Amino acid sequence: MNSILKISAFLFLVMGLQISSVNTASAQKVYATKTGQIFFNATGGIEKIAAINNQVDSKFVETTGQIIFGVLVKGFKFENQLMEDHFNENYMESTQFPKADFKGYIKNIKEVDFTKEGTYPITIEGTLTIHGTPQKVETTGTLQLKEGKPAIVGEFSVKIKDYGIKGLYIGEKIANEAKIKVNCKYQN
């Protein structure tokens, strides 16, 4: 009977160590926001063509640098309602292509010290899908740490026609490239 207790105690200990190692392996710090901002400007002529979306859904994993952004196209708000309607119906075809997203990695995540406040330069690489068309992109930005909470800020440009977006005024009233600004403040 004594040997059965010893074997049971040994098995219990081994199982406890296995469960502990599984929990440690899966314990990754994930930061998230549903209120990130993406601003774009495609002004090509006299009239300002710019919009903001304050409902950007984004997550990133501290240990791997994996990062995703998702946005509903109809969430972009313009100063002019008619321009917003044309954007959704004639250019972005947001009924057919309701979302845009990015999936990739912060390539230099190991250079960010998450225990120390500051501003860290980052390089992000991945696939940006707009209008149902995926394109590889790489850009730089900053990861700012304040009070233990990160924020990612960056700017880049996209060539509108690279994403299969067509329209009468692209290259005239609408610029060939749209300037994109991202500002996401994360929680953990």
Some residue of segment 119-128 being of a type in the set (Gly, Ala, Ser), farther than 20 Å from Ala51 by Cα and without any contact (Cβ under 8 Å) to a residue 60 or more places away in the chain:
yes
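Matching residues to (1) under 23 Å from Met92 (Cα atoms); (2) under 13 Å from the mean Cα position of the chain (by Cα); (3) loosely packed, with under 13 Cβ neighbours inside 10 Å:
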| site | (1), (2), (3) |
| --- | --- |
| Gly148 | no, no, yes |
| Ala151 | no, yes, no |
| Ser157 | yes, no, no |
| Ile160 | yes, no, no |
| Lys166 | yes, no, yes |
Whichever residue in segment 96-107 is of a type in the set (A, V, I, L, M, F, W, C) and part of a strand (DSSP E or B) and, among such residues, is nearest to Lys29 (Cα to Cα):
Ile106
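Can you give me the number of residues within segment 113-133 that are over 19 Å from Lys29 (Cβ atoms) and either under 14 Å from the mean Cα position of the chain (by Cα) or surrounded by 18 or more Cβ atoms within 10 Å (Cβ to Cβ) (or both)?
First, the residues of segment 113-133 that are over 19 Å from Lys29 (Cβ atoms): 119, 121, 123, 125-133.
Then drop every residue that is not either under 14 Å from the mean Cα position of the chain (by Cα) or surrounded by 18 or more Cβ atoms within 10 Å (Cβ to Cβ) (or both), which leaves 123, 125-131.
Going through segment 113-133 one residue at a time, the tally reaches 8.
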Check Lys74, Lys110, Lys136 and return the single one that is charged (D, E, K, R), exposed (fewer than 13 other Cβ atoms within 10 Å of the Cβ), modelled with pLDDT of 95 or more and not in a strand (DSSP E or B).
Lys110
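Let's see how each residue does on (1) at pLDDT 95 or above; (2) among the hydrophobic types (A, V, I, L, M, F, W, C); (3) not in a loop (DSSP other than H, G, I, E, B):
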position	(1), (2), (3)
Ser3	no, no, yes
Ser8	no, no, yes
Leu11	no, yes, yes
Gln37	yes, no, yes
Ile46	no, yes, no
Ile52	yes, yes, yes
Ser58	yes, no, yes
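The values are calculated or read from the model by the stated rules, or taken from the named source; none is laboratory data. Just so we're clear, the structure is a prediction, and the values are computed from it rather than from any experiment. Note: ideal-geometry Cβ built from the backbone for every residue, glycine included; neighbour counts use all protein chains shown.
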